[in-house]
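The values are calculated or read from the model by the stated rules, or taken from the named source; none is laboratory data. Quantities reported herein were computed from a predicted structural model and do not represent experimental measurements. Glycine gets a Cβ as well: all are built from the backbone with ideal geometry, and neighbour counts include every protein chain shown.
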Amino acid sequence: MAARISLLLAMSAYWWSVVLGCVAGLADILGALILTGRRRWDPAVLKYFLAVGAGFMLAAAFVRMLPESVEKLPHAFFFVLLGYFGIHLFEHTVAPHFHFGEEIHPEALVHPSVGYLALLGLGVHTIFDGVTIASGFIISPGLGLLLFFAVLLHKLPEGFAMASVMLAAGQSSGAALGAAVSLGALTVAGVLLTSLFAQFVGYALALSAGVTIYVAASDLIPEVNRERGPGVAWAVFGGLVLFAAADALISTFGLH
């Protein structure tokens, strides 16, 4: 059975990356719908979700993405740093109003252009989400699945954050939902672009590793640290445990 699953994934890695890229993009839309649908949302729940996502993403970056990058690309760490500092520079120059977590404070976001700046900032992230998923599947089915789960864990809060910024900037619920749809589409675009230029997968994976580390360590961790108590710390550690469990399960089926 394990051999059949491995063969199935290996034979259709491109389509798996496209399908799972679409699933990740739909999670952006779902996150926006939670807010625009006027449902009650406990901010603490979002923080715990972000915390688990941060732990999983950091584990995926250091345990899988970095070693694979080094194996496939000379001077891979230069491109890792390029991804890390590039996204840092982008956030603090082109899109300085971008924050990853919940942003429902209208007094801080009053101009309509702020929402679109945030969309631009998150759009860069989501393109690399797609790049991450596709790069993983090009290398191996197991790595692709792990990186998909790493991306998926932060997609729901990402869509929620995007919608909340748009609403706080005075945009309509329709515009907020449209922004989340754009993020989902950019995720799929990242998958397609990477699949078209598979020969550059080493560069893509190294850059994605840098972006992943930045998002987890510089965007998500500071956001979850605002929550008092040891719970969020355990949630971050839980993300590591979740990664280890997923990695072990994938290894059991021989997908690495």
> Going by the structure shown, is F160 of a type outside the set (D, E) and modelled with pLDDT of 80 or more?
Replying inline: no
> For the subset of region 165-194 comprising residues that are hydroxyl-bearing (S, T, Y) and touching a residue at least 24 places away in the same chain (Cβ under 8 Å), which member is farthest from L120 (Cα to Cα)?
Replying inline: T194
>> buried (at least 24 other Cβ atoms within 10 Å of the Cβ) and in a helix (DSSP H, G or I): is that true of P222 in this structure?
In response: no
